[in-house]
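Written out below as structure tokens is the structure these notes cover.
What follows is calculated from the coordinates using simple rules that are stated; it is not laboratory data. Everything numeric here is computed off the predicted structure, so don't read it as measured data. So basically every Cβ, Gly included, is an ideal-geometry build from the backbone, and we count neighbours across all protein chains shown.
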Amino acid sequence: MPFPDYPIPADEEQRLRDLQRYALLDTPSDPHLDRLVKLASAVLNMPIALVSLVDQDRQWFLARHGLDVVETPRRMAFCAHTIAGNDILVVPDARQDPRFMGNPLVLDEPQIRFYAGAPLKTPKGHNLGTLCVIDKQPRNFEPQQVALLALMADLVMRELQLRQLSMQCPVTGLYIRSAFFQFGEQEVIGARREGLPLSLFNFDIDDFRQINNRWGHRAGDQVLCDVCYAARSQLQSDDLFGRIGDEEFSILLVGADLTRALQVAEQVRERIAQLRGVFDHSDYQPRISGGITRLATGDHGFADLFYRADQALYLAKGNGRNQIASLVADSGP
């Protein structure tokens, strides 16, 4: 028996990128999340509880209790319907619901009858997946149970946020080098698959060490935060921003050709040049040197792109600092 297709969220492209940058898919089990799904099962008296992440073509279970399979096709996923909205989805009897009565997960194992799923929403407002509970018998779900499921979904999201924080610099909130390279590689794969441009802007703060030497690390941290805030104001939501070293940063401009990348880089440089010094009476004014490049057909991966942008950065520093240089290998993809 055919069953209706799942709805596509309006923010699908951004949602999938957000999911990708949480680095959760196909990771080992987490004891904290395992305890939470067991708690959800016990508190709500449900035989099955899952943390489901909805990928492009599948739902993958980050944590599961009472179910052996680790993923299902997205077209079968009840959670694919949940993430299209902002509220908890409750299905008292799937056999009576036209969206699910012909679903193989209803007709065959695990023979879903009851389902309740709470969206796992990121601070950016995108639903990664759900915390859901399932029964093989039809049942009602009382308002108090809905509230409890929402509270436990908040706990799951808190655990996911803690994972996210482990990939971020504690001073600036930017991705650390390892995470930046991981997500950069994913963006390279996506750009080549879609035939889209991709540009990289590496920059560092000129004469940064004198800040720590003259005014201490607290002043240095403030300059780092001010510079990052100024740079962020020129970026789009899909762009990737990382702290690569003490005073070196990298911005991956998603979908940007070299012309736009140069414009953004110059806007960032000018915005930072407008910042005041560490103190109003100081003679230090933040300046940056930067290097720009674009993805080339001959690049084997993100590392080639990154080190070419670094070469351009060294050119800018060698030419007198406080400027942007570009270096390209060949035509883009």
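Below is a table of values for the structure above.
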{"quantity": "Charge dipole (debye, nearest 20) of the chain; +1 at Cβ of Lys and Arg, -1 at Cβ of Asp and Glu", "calculated": "380 debye"}
{"quantity": "Positive-end residue of T297, L275, F183, charge dipole of region 177-326 with Cβ unit charges", "calculated": "L275"}
{"quantity": "Answer label for mean projected area of the Cα convex hull in nm² (calculated), chosen among (1) 37.4; (2) 23.2; (3) 19.5", "calculated": "(3)"}
{"quantity": "Farthest positive-ward along the chain dipole, Cα basis, beta-carbon charges - from P119, L327, L148", "calculated": "L148"}
{"quantity": "Net dipole in debye of region 177-326 [+1 Lys, Arg Cβ; -1 Asp, Glu Cβ; about Cα centre; nearest 20]", "calculated": "120 debye"}
{"quantity": "Karplus-derived 3J(HN,Hα), 6.51/-1.76/1.60, for each residue of region 148-160, Hz, glycine and proline x", "calculated": "5, 4, 4, 5, 5, 5, 4, 5, 4, 5, 5, 5, 5"}
{"quantity": "Among I244, F100, Q234 the positive-end extreme of the charge dipole of region 97-250 (Cβ point charges)", "calculated": "F100"}
{"quantity": "Region 85-160: trypsin sites (Lys or Arg not before Pro) in DSSP coil with no more than 12 other Cβ atoms inside 10 Å", "calculated": "K124"}
{"quantity": "Sequence-distant residues sharing a close amide H with V254 (under 5 Å, placed H)", "calculated": "D239, L240"}
{"quantity": "Virtual spin-label span in nm between Y314 and A10, 7 Å along Cα→Cβ", "calculated": "4.9 nm"}
{"quantity": "Full-extension gain in nm, I189 to L151, via 0.36 nm per residue minus C-alpha separation", "calculated": "10.0 nm"}
{"quantity": "Distance in nm between pseudo-label sites at V70 and D257 (7 Å out along the Cβ direction from Cα)", "calculated": "4.3 nm"}
{"quantity": "Dipole magnitude of region 182-229 about its Cα centre (Cβ charges: Lys, Arg +1; Asp, Glu -1), debye to nearest 20", "calculated": "80 debye"}
{"quantity": "Nonlocal amide H pairs with S326, under 5 Å, H built at 1.01 Å", "calculated": "I292"}
